[in-house]
Amino acid sequence: MPDSRVNSWVDSAERIGADLHLELSGPGGRRAALTGALREAVRSGRLAPGARLPPYRSLAADLGVARNTVADAYAELVAEGWLTARQGSGTRVAERAEPLRPRARVPKKLPPRVRGTRHDLRQGTPDASAFPRAAWLASYRRALQQAPNEAFGPGDPAGRRELREALAEYLARARGVRTEPGRIVICSGFAHAVGLLFGGGVLRGPLAVEAYGLSFHRKLLTAAGVRTVPLPLDDDGARVDRLGRERAVLLTPAHQFPTGGPLHPERRAAVVDWARARDGVVLEDDYDGEFRYDRKPVGAVQGLDPERVIHIGSVSKSLSPALRLGWMVLPERYVDGVLAAKGDREAWASVLDQLSLADFLASGSYDRHVRRMRQRYRSRRDRLVAALAEHAPHIAVTGVAAGLHAVLRLPPGTERSAVKAAARHGIALDGLAGFRHPATDMEPREGLVVGYATPSEAEYGPALEALCRVLPG
Ligand SMILES: Cc1ncc(COP(=O)(O)O)c(C=O)c1O
């Protein structure tokens, strides 16, 4: 064997030796302990079939045992068939030694959820091909270069100060949120925020929610022991006049999810009055507030009363749901409780990602990206509306003034077959029924929720054509 190959073989085998993490304990002396530990490492799959074992001398040195102890243990395992020893290739894990089997159940793959999907028009994700890789990398690099050493220690559960400062400025400017960094707690997104508030004992149910909403969020709440009480919707948004004995209400005021409209200004004021009168609180899910096309952005309800509204946002629609970065803007009285729920140190949101987002915001990259995506999504929305006007003029399209999805209203009794027909033609999308609260008595709405942000630019045209072909006539 050439020298370089021998050296690399020895190097890698020695590295394996250092990483074996063998615990030499139990009765029967060092040799028995080593034999047992190696057997267990093979059995559990930590040492994979074919893996080289370290030379006697380096494992002996690592473990502080005699060379002969290692030689004897290897010989015993060779005799038992766990290992093989061949001149020139050292001692290896036998190929037929069965490692731990991988789990039989294949982990659920997210998109594509529908087998045979050719056109993904499900709501929920921004155009993944448009993630601003270069700008994010630049922010990440700057963040890494400029981070003080203490940033690499355990993180502050409130989140990095740099990010909370950048968010306070951004949210005030872009969303009309009234706050300061001390009222902001970083989390990994809306789902996490709900977990902290209800799972962490800061708020208690029952919680009033909109009669149509994300079932994933309802499930999270149910899992946290919170009963949700549906509020009916009409053309002006949630019927906040129907709030009952609850002390908390969850709303999507900028763009009702998923039906589409903003909460009427009078209802925005009314729900804040309700919270004041009942010593209650409004949870504002501002999931896509930046994407408003027809008018100036509808500001956050939080601006009406920062002590009565918990404003929750994340980068899931503006950048990517993969980042898992979000924020809660809290009334003073909840800050300590939420921090206590987070624990002594940050356990969710990576500090480096937090610093990158702080730089991304402060450098103007976030504004540039949102502006670019707003233009892109607006043009897609316009194409959707135009295509429907041409090919399916009988179908009303609603909820188009904002966001990343639209609702195509359908006549009663036709939604299920429309979703199925779409699936048969390789189009994945959801019907409104999947968003309906099971306990609501409001008149059902039928329609298709079309996520026009989800495909890439190249995929969008064909997806739109396919959609128009399958819509009920
Ligand atoms: C209604 C609604 N709220 C909030 C979110 C964001 O959730 P998260 O921040 O946990 O990704 C989404 C999905 O992106 C959503 O559809």
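The values are calculated or read from the model by the stated rules, or taken from the named source; none is laboratory data. Just so it is clear, the model here is predicted, and its values are computed rather than measured. Note that each Cβ is placed from the backbone with ideal geometry, even for glycine, and that neighbours are counted across all protein chains shown.
Identify, please: which residue in region 192-210 is touching a helix residue (DSSP H, G or I) at 6+ places or on another chain (Cβ under 6 Å) and hydrophobic (A, V, I, L, M, F, W, C) and is, among those, farthest from Lys342 (Cα to Cα)?
The residue in question is Leu203.
Which count do you get for residues in region 280-315 that are of a type outside the set (Ser, Thr, Tyr) and away from the ligand (no atom under 16 Å from the Cβ)?
Here is the first cut: in region 280-315, the residues of a type outside the set (Ser, Thr, Tyr) are 280-286, 288-292, 294-313, 315.
Those left that are additionally away from the ligand (no atom under 16 Å from the Cβ): 280-281, 294-297, 299, 303-308.
The qualifying residues number 13.
Given (1) part of a helix (DSSP H, G or I); (2) within 13 Å of the ligand (Cβ to nearest atom), where does Arg164 come up short, assuming only one miss?
Failed condition: (2).
Please indicate, with yes or no, whether at least one residue in region 327-346 is surrounded by fewer than 22 Cβ atoms within 10 Å (Cβ to Cβ), at positive phi and touching a residue at least 24 places away in the same chain (Cβ under 8 Å).
Yes, some residue in region 327-346 is surrounded by fewer than 22 Cβ atoms within 10 Å (Cβ to Cβ), at positive phi and touching a residue at least 24 places away in the same chain (Cβ under 8 Å).
If I ask for residues that are within 18 Å of Gln256 (Cα to Cα) and surrounded by fewer than 23 Cβ atoms within 10 Å (Cβ to Cβ), which ones from region 271-282 would you list?
Here is the first cut: in region 271-282, the residues within 18 Å of Gln256 (Cα to Cα) are 271-272, 282.
Result: Val272, single match.
Identify all residues within region 380-397 that are of a type in the set (Gly, Ala, Ser), surrounded by 13 or more Cβ atoms within 10 Å (Cβ to Cβ) and part of a loop (DSSP other than H, G, I, E, B); write none if there are none. Write out each step before concluding.
Here is the first cut: in region 380-397, the ones of a type in the set (Gly, Ala, Ser) are 386-387, 389, 392, 396.
Now restrict to residues that are surrounded by 13 or more Cβ atoms within 10 Å (Cβ to Cβ): 387, 392.
Residue satisfying the conditions is Ala392 alone.
In region 316-333, what residues are of a type outside the set (Gly, Ala, Ser), within 14 Å of the ligand (Cβ to nearest atom) and not in a strand (DSSP E or B)?
Matches in region 316-333: Lys317, Leu319, Pro321, Leu323, Arg324, Leu325.
Just the residues that are of a type in the set (D, E, K, R) and within 15 Å of the ligand (Cβ to nearest atom), please, taken from region 167-200.
The initial filter retains those residues of region 167-200 that are of a type in the set (D, E, K, R), namely 169, 173, 175, 178, 180, 183.
Listed by number, the list holds a single entry, Arg175.
I'd like to know if region 205-217 contains one or more residues that are surrounded by fewer than 17 Cβ atoms within 10 Å (Cβ to Cβ), over 18 Å from the mean Cα position of the chain (by Cα) and more than 11 Å from the ligand (Cβ to nearest atom).
If we filter region 205-217 for residues that are surrounded by fewer than 17 Cβ atoms within 10 Å (Cβ to Cβ), which is where we start, we get 206, 215-216.
Subset that is over 18 Å from the mean Cα position of the chain (by Cα): 206.
Cutting the leftovers down to more than 11 Å from the ligand (Cβ to nearest atom) gives us 206.
Checked against the condition, which is being surrounded by fewer than 17 Cβ atoms within 10 Å (Cβ to Cβ), over 18 Å from the mean Cα position of the chain (by Cα) and more than 11 Å from the ligand (Cβ to nearest atom), region 205-217 yields at least one hit.
Give me a count of the residues in region 114-133 that are assigned to a helix (DSSP H, G or I) and under 15 Å from the mean Cα position of the chain (by Cα). It would help to see each step written out before you state the result.
Taking region 114-133 and keeping what is assigned to a helix (DSSP H, G or I), we get 128-130, 133.
Keeping just the survivors that are under 15 Å from the mean Cα position of the chain (by Cα) gives 128.
Looking only at that region, the number is 1.
Give me a count of the residues in region 254-303 that are aromatic (Phe, Trp, Tyr) and under 25 Å from the mean Cα position of the chain (by Cα). Before you say what the answer is, go through the steps one by one.
So the first thing to find is which residues in region 254-303 are aromatic (Phe, Trp, Tyr), and the list is 257, 274, 287, 291, 293.
Right, trim to under 25 Å from the mean Cα position of the chain (by Cα) and you get 257, 287, 291.
Total meeting the criteria: 3.
Only one of Asp288, Asp294, Asp336 is acidic (Asp, Glu) and not in a loop (DSSP other than H, G, I, E, B). Can you tell me which?
Asp336
Which numbered condition trips up Val407, out of (1) closer than 14 Å to Arg122 by Cα; (2) assigned to a helix (DSSP H, G or I); (3) in contact with a Ser or Thr (Cβ under 6 Å, 6 or more places away or on another chain)?
(2)
Report yes if some residue within region 261-270 is under 28 Å from Ala128 (Cβ atoms), modelled with pLDDT of 95 or more and part of a loop (DSSP other than H, G, I, E, B); otherwise report no. It would help to see each step written out before you state the result.
Of region 261-270, the ones under 28 Å from Ala128 (Cβ atoms) are 261-262.
Imposing the further condition that a residue be modelled with pLDDT of 95 or more reduces the set to none.
The answer is no; no qualifying residue exists.
Take the residues in region 115-166 that are out of contact with any Gly (no Cβ under 7 Å at 6 or more places or on another chain) and basic (Lys, Arg), then tell me which one is nearest to Thr259 (Cα to Cα).
Applying the filter and picking the extreme gives Arg115.
Considering only residues of region 218-243 that are exposed (fewer than 15 other Cβ atoms within 10 Å of the Cβ) and part of a helix (DSSP H, G or I), which is nearest to the ligand (Cβ to nearest atom)?
Initial filter on region 218-243 (exposed (fewer than 15 other Cβ atoms within 10 Å of the Cβ)): 219, 222-223, 225, 227, 234-235, 241-242.
Those still in the list that are part of a helix (DSSP H, G or I) too: 219, 222-223, 241-242.
On the way: Lys219: 13, Thr222: 16, Ala223: 14, Asp241: 23, Arg242: 21 Å.
If we take residues in region 218-243 being exposed (fewer than 15 other Cβ atoms within 10 Å of the Cβ) and part of a helix (DSSP H, G or I), then Lys219 is nearest to the ligand (Cβ to nearest atom).
Hey, could you check region 167-191 for residues that are of a type in the set (Gly, Ala, Ser), touching a strand residue (DSSP E or B) at 6+ places or on another chain (Cβ under 9 Å) and not in a helix (DSSP H, G or I) and say which is farthest from Leu355 (Cα to Cα)? I'd like the intermediate steps shown before the answer.
Taking region 167-191 as the starting set, the residues that turn out to be of a type in the set (Gly, Ala, Ser) are 168, 172, 174, 176, 182, 188-189, 191.
Those left that are additionally touching a strand residue (DSSP E or B) at 6+ places or on another chain (Cβ under 9 Å): 168, 188-189, 191.
Right, trim to not in a helix (DSSP H, G or I) and you get 188-189.
Numbers: Ser188: 14, Gly189: 16 Å.
Checked region 167-191; the qualifying residue farthest from Leu355 (Cα to Cα) is Gly189.
Tell me yes or no: at least one residue of region 348-362 is more than 16 Å from the ligand (Cβ to nearest atom), under 15 Å from Leu203 (Cβ atoms), over 15 Å from the mean Cα position of the chain (by Cα) and assigned by TED's automatic domain parsing to the domain that holds Ala147.
So in region 348-362, the residues more than 16 Å from the ligand (Cβ to nearest atom) come out as 351-352, 355-356, 358-362.
Now narrow it down to the ones that are under 15 Å from Leu203 (Cβ atoms): none.
Within region 348-362, none of the residues are more than 16 Å from the ligand (Cβ to nearest atom), under 15 Å from Leu203 (Cβ atoms), over 15 Å from the mean Cα position of the chain (by Cα) and assigned by TED's automatic domain parsing to the domain that holds Ala147.
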